[in-house]
Amino acid sequence: MKIDLSYHAKKRLIERGINLEDIEETVEMPDYTVSKENKKEAYKKINNRTLKVVYFQKDKYIKVITLIWK
């Protein structure tokens, strides 16, 4: 699966100390997901915090829009 980060998501990755492995794990093996219109939100508990990854998916291509610790 190809995962690409938007400019905004790259900024949030740096600001929030999130690594690419955590993003991949959240998208590929989430604890749960929420679908909103044409976007998906994936949630994964990592080290006592929950990572939220918002993305679009088309076939096997994923474009991450933003990410945040919840």
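Most simply put, the chain has about 85% antiparallel DSSP beta bridges, counting only bridges with both residues inside it. Its relative contact order, with pairs defined as Cα atoms under 8 Å and 6+ residues apart, puts the chain at 36 percent. Seen from a random direction on average, the alpha-carbon convex hull of the chain projects onto 4.3 square nanometres.
Of the peptides 41-54, 24-37, the order by per-residue mean of other Cβ atoms within 10 Å, starting with the highest, comes out as 41-54, 24-37.
Its DSSP H runs of at least 4 residues, each contributing -39,500 (n - 2.57), put the calculated 222 nm mean residue ellipticity of the chain at -7500 deg cm²/dmol, to the nearest 500.
Values in this text are rule-based calculations from the coordinates and carry no lab data. Computed from a prediction, not measured in an experiment: that's the story for all the values here. Positions of Cβ are backbone-derived with ideal geometry, glycine not excepted, and every protein chain shown enters the neighbour counts.
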